[in-house]
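The values are calculated or read from the model by the stated rules, or taken from the named source; none is laboratory data. Predicted model only: the values in this text are computed from it and were never measured. Here Cβ is always computed from backbone atoms with ideal geometry, including for glycine, and neighbour counts include all displayed protein chains. Just the protein is used for accessible areas: all its heavy atoms, side chains included, with ligands, DNA and RNA removed. Shrake-Rupley method; radii C 1.70, N 1.55, O 1.52, S 1.80 Å.
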Amino acid sequence: MSDPRRELPSVNALLAHERVRSLLDRAPRTVVTEAVRVVIDRARGDPAAAPRDAAEWASAVEAAVVQRQQPSLRPVYNATGVVLHTNLGRAPLADAAIAAIRDTAAGYSTLEYDLERGRRGSRSAHCVELLRELTGAEDALVANNCAAALVLTLNTLAVRREALVSRGELIEIGGSFRVPSIMAKSGARLVEVGTTNRTYVHDYAAAITTRTGAIVKVHRSNFAVSGFVAEASLGELAALARDRGLPLLHDFGSGLLIPLDRWGLAGEPIARDAVAAGASVVVMSGDKLLGGPQAGVIVGDAALVARLRSNPLMRALRVDKLTLAALEATLMLYRDPSTAVATVPVLSMLTATAAAVRQRADAAAARLRRAGVTCDVIETVASVGGGAFPTARIASAAVAIRADATGAETRLRRAQPAVIGRLADGAVLLDLRTVPADHDRAFVDTVARALVAGGG
Ligand SMILES: *Cc1c(COP(=O)(O)O)cnc(C)c1O
C-alpha cells in the first residue's frame, strides 16, 4: 500500500524550486509561502488532482500566487442588460465624479474648513446648495445610503413614537433591506394601516393618536401592483399631515432628478415632484437613477433637516470626503439636464436608442467572428434594475454565443476583467446596453481571449 501523502513535497522543497524562488521578485515572501502551503494542502485533500512533477507543482504555485495578488473587489464588464445591477456595484460614475474623487483623495480638502473665514467649517455644508436647486427643497443632508437616511429620519422624528405605514408599502428591496426591520431598528414603532392592495387617506387619519410621530410613505420601487388597488397620494397625505401637525416622511428610493418620459421611461416620480407634493422629508439613494456614489440623500423642510443634522446618530451615518466629492460633481451635471443625460452613465445607458445598441452589437459580433468566435446578434430586453421602473422593458441587443453556453459563461466569468453575461435559451447573451460604448474594442478583445483556444 502506498500512501500518496508521502509523495507530497515539503514547503521548503517547493520554495527551493527555481520557478517558485523567482516568484519572490514579484510577490512578498509571505504570499509565496502561503501559496505553497495552499497548493500542498489542496493536493493532500485531493490526491488524484495533485501535480505530478516539479513543473506542475511550480505552475500550481504560480497560479496560487497570482490569485492571492488579485484584489477581491475588481472591475467587471456588466453585459447582463441590467443597468443598476446591485451585485455589480449599481451606478458607474461620470468622468467628472471620478476626477473629483481623484483630486480629493490625493491631497487635503475643504471637507470641514471654511475658506472664507479661515476656520473650521462643516462637512454637512457640501452639496446642500445643489440639492436645494435641483429638488426645490429648503435644506439637504447626505448620509451613508438610503437605508441610513431612513433610520436617521425615523429616529429623529418618531423614536418611541408611532410611525404610520400602509400595509401595501411594507416592502423588501434586495435581501437585506426590509422596511419593517429598518423601522424597528430606528426605535420608531410601526403601525400598519390599510390593506395590502388598498389603503386610503382615511385609514391613516383613523390611526393617528397622541403617540403618532410621523406618517411614512414608501415608494414601491421594485414591483408594480395592478387590479383592485388604491393608495393615498403623497399630496393627500401631505394635507393630512399638515392638518394634524405631523411630519410626512417619503422614502423615494430611486433618486430620479429629471424626467425620462421622452425616452419611454414614464411613471417614475422625480425628486422635485415629491418635494412639491408636500413631503416634509424625502430620502433617496445616490447610486440608483441619480447615477452617483452610494449615498442617502435627504432633502426637506429646514427645521426638520436641522434636527436630523444634530442627531448624534448622524456621526455614525455620515459620508466620507470621496463620496461628497463624487456626489457634488454628479449633481453639478444635472444643472443642465441634457448634459446629465449625456454624461451620467446610468442615464446615457438608459436613453441610448435600440438602434445604436444594435449597431454596436453587430460590430462586436463581426469582430468576434473574425477572431474565431461563433456568434450571432439577437434582440433582447434590458431593464433598469436597482428597484426602479420595475416594469420597464427596454429594447436592446446582445451578442449570443451558443456553442457550449455553460462552459462559455464560466470562461467569460473567469476572464480578466470578468465578463458577466446571462444564460438564456441555451446561449450566453452579452447585452451591449450596459457595456460602456467607449469600451467596445477592449470588451471584444476580452471576450475573444476568453473563448478562443480554450481561453488561454
Ligand atoms: C433602494 C431603496 C432603498 C435602499 O437604498 P440604499 O441606498 O441601498 O440603502 C430604500 N428605499 C427604497 C424605496 C428603495 O428603492
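Could you size up the charge dipole of the chain around its Cα centre, putting +1 on the beta carbon of Lys and Arg and -1 on that of Asp and Glu, and report it in debye to the nearest 20? Before the final figure, lay out the partial values.
Numbers: 54 positive and 46 negative charges, 181 e Å.
With only Lys, Arg, Asp and Glu charged at Cβ, the dipole is about 860 debye.
The DSSP beta bridges internal to the chain are antiparallel in roughly 55% of cases. At the listed q of 0.23, 0.24 Å⁻¹, the Debye profile of segment 348-456, built from one uniform point per Cα, gives log10 I(q)/I(0) equal to -1.32, -1.41. A convex hull fitted around the alpha carbon atoms of segment 9-69 yields 68 Å³ per residue. Ordering V31, V61, P47 by Cα displacement along the dipole of segment 9-69 toward the positive end leaves V31 in first place; charges were set at the Cβ atoms of Lys, Arg (+1) and Asp, Glu (-1). Site pair R42 and Y108 shows an inter-label distance of 4.8 nm when each label is modelled 7 Å from Cα along Cα→Cβ. Our analysis of the chain gives Rg over Rh at 1.06, with the two radii drawn from alpha carbon positions and Rh computed by the Kirkwood formula.
Listed by chain and number, the lysines whose alpha-carbon sits under 28 Å from that of K217, ignoring those within fewer than 8 places in the same chain, are K185, K288.
With 5 Å bins beginning at zero, the pair-distance distribution over Cα atoms of segment 121-184 amounts to 3, 14, 19, 21, 16, 16, 8, 1, 0 %. Computed with a 1.4 Å probe on the full set of protein chains, the accessible area for H202 sits at about 120 Å².
Rounded to two decimal places and with Rh computed the Kirkwood way over Cα pairs, what is Rg over Rh for segment 333-384?
Working: Rg = 14.7 Å, Rh = 12.9 Å.
With Rg and the Kirkwood Rh in hand, the quotient comes to 1.14.
Per-peptide packing, taken as the mean over residues of other Cβ atoms within 10 Å, places 112-124, 93-105, 37-49 in the sequence 93-105, 37-49, 112-124 from highest down.
Can you give me the span-like helices of the chain, meaning DSSP H runs with 20 Å or more of Cα extent along the axis and Kyte-Doolittle mean at or above -1.0? Let's see the in-between values first.
Numbers: long enough: 29-45 (24 Å, 0.14); 54-69 (22 Å, 0.20); 354-370 (24 Å, -0.42).
Sorted by number, the helices that extend far enough and score high enough are 29-45, 54-69, 354-370.
With n ≥ 4 as the cut-off for DSSP H runs, can you work out [θ] at 222 nm for the chain, using -39500 (n - 2.57) per run divided by the number of residues, rounded to the nearest 500?
Numbers: 19 runs with 186 residues, N = 456.
Value at 222 nm, helices only, nearest 500: -12000 deg cm²/dmol.
For segment 95-341, the pair-distance distribution built from all alpha carbon pairs, in bins 10 Å wide starting at 0, is 7, 32, 36, 19, 6, 1, 0 percent. Three principal axis extents of segment 51-105 based on alpha-carbon atoms, in descending order, are 52, 31, 13 Å.
What do you get for chymotrypsin sites (Phe, Trp or Tyr not before Pro) in segment 195-273 restricted to DSSP loop and a cutoff of at most 15 other Cβ within 10 Å of the site's Cβ?
Values: sites: Y200, Y204, F223, F228, F252, W263; in loops: Y200, F223, F228.
Those that pass, being in a loop and sparsely packed, are F223, F228.
Listed peptides 243-251, 427-435, 266-274, 51-59 appear in the order 427-435, 243-251, 266-274, 51-59 once ranked by packing, highest mean of other Cβ atoms within 10 Å at the front. Estimated translational diffusion coefficient (Stokes-Einstein, Kirkwood radius over Cα pairs, 25 °C, 0.890 mPa s) of segment 53-181: 121 µm² per second.
Amide H to amide H, with H built 1.01 Å from N, L190 comes under 5 Å of A163, counting only residues 5 or more places away or on other chains. Protection proxy ranking, highest mean first, for peptides 28-36, 70-78: 28-36, 70-78, where packing is the per-residue count of other beta-carbon atoms within 10 Å, averaged.
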